[in-house]
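Undergrad: Take this structure first; my questions come after.
The values are calculated or read from the model by the stated rules, or taken from the named source; none is laboratory data. Since this is a predicted model, take the numbers as computed values, not measurements. All Cβ positions, glycine included, derive from the backbone under ideal geometry; neighbour counts span all protein chains shown. What goes into the accessible areas is simple: the full protein's heavy atoms, side chains included, and nothing from ligands, DNA or RNA. Shrake-Rupley method; radii C 1.70, N 1.55, O 1.52, S 1.80 Å.
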Amino acid sequence: MKAIVGLGNPGSEYGGTRHNVGFEVVDELARRWGVTLKKWKSIAHIALVKDRDVVLVEPSTYMNESGRAVGAVMAFYKILPADVLIVVDEAQLPLGKLRLRPSGSAGGHNGLKSVIEHVGRDFPRLRIGVDRGDREWDLSDRVLSRFPRTEREVVDRAVTRAADAVDTFVSDGVHLAMNRFNASGEPTSEEESR
């Protein structure tokens, strides 16, 4: 079994923010696969996709506590880290760019830091570029901001492509998905360390 985990913050006040694109990808997959996420053990919303042997997960903890929900789902369903794909926003990537890696560091992302604390570093992650914007802006304010209309179309396309990448991950594995969906060729050493 595989788990697809979109990271974000629970509550309608966070809907549509940069930090919640992981939730948007999971919502798109639930729509495509005809399932509904339901509350699970007060720490997540999940949906079993039996014909794909997948569980979709949206932690209902806040972003910096995401690892608690991920660890609990993995333990309950006996899922190995290599079969858990974490879908997350990335302020250091240009808007709409995708980057899929089989493992790595948190790269400064609090949600990934929490997952690493609970399950280690060896899980795949799909980062979706949400653009850092002006370096003078406070990063936490930036990721909690909503996309302006001018960016929303780019983000919607990225969410669709990210869902396609997840589909490929589920059917063909992380390496084929990386080859097909990472925007450029080989990563630089700086990118690889993230």
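Undergrad: Testing F123 on (1) under 23 Å from L48 (Cα atoms); (2) more than 12 Å from the chain's Cα centre (by Cα); (3) in a loop (DSSP other than H, G, I, E, B), one condition comes back false. Which one is that?
TA: Checking F123 against (1) under 23 Å from L48 (Cα atoms); (2) more than 12 Å from the chain's Cα centre (by Cα); (3) in a loop (DSSP other than H, G, I, E, B), the one that fails is (2).
Undergrad: Considering only residues that are open to solvent by 70 Å² or more (accessible area, probe 1.4 Å) and more than 17 Å from F169 (Cβ to Cβ), look in the stretch 95-133 and name the one that is modelled with the lowest pLDDT.
TA: N110
Undergrad: Related question: Residue under question is V55, and the condition is that it be surrounded by 17 or more Cβ atoms within 10 Å (Cβ to Cβ), free of Cβ contacts under 8 Å to residues at least 24 places away in the same chain, touching a Phe, Trp or Tyr at 6+ places or on another chain (Cβ under 8 Å) and farther than 22 Å from E90 by Cβ; does it hold?
TA: Here the answer is no, as V55 does not meet what is asked.
Undergrad: All but one of (1) under 27 Å from R152 (Cα atoms); (2) of a type in the set (V, I, T); (3) at pLDDT 95 or above hold for T61; state the number of the condition that does not hold.
TA: The single condition T61 does not satisfy is (3).
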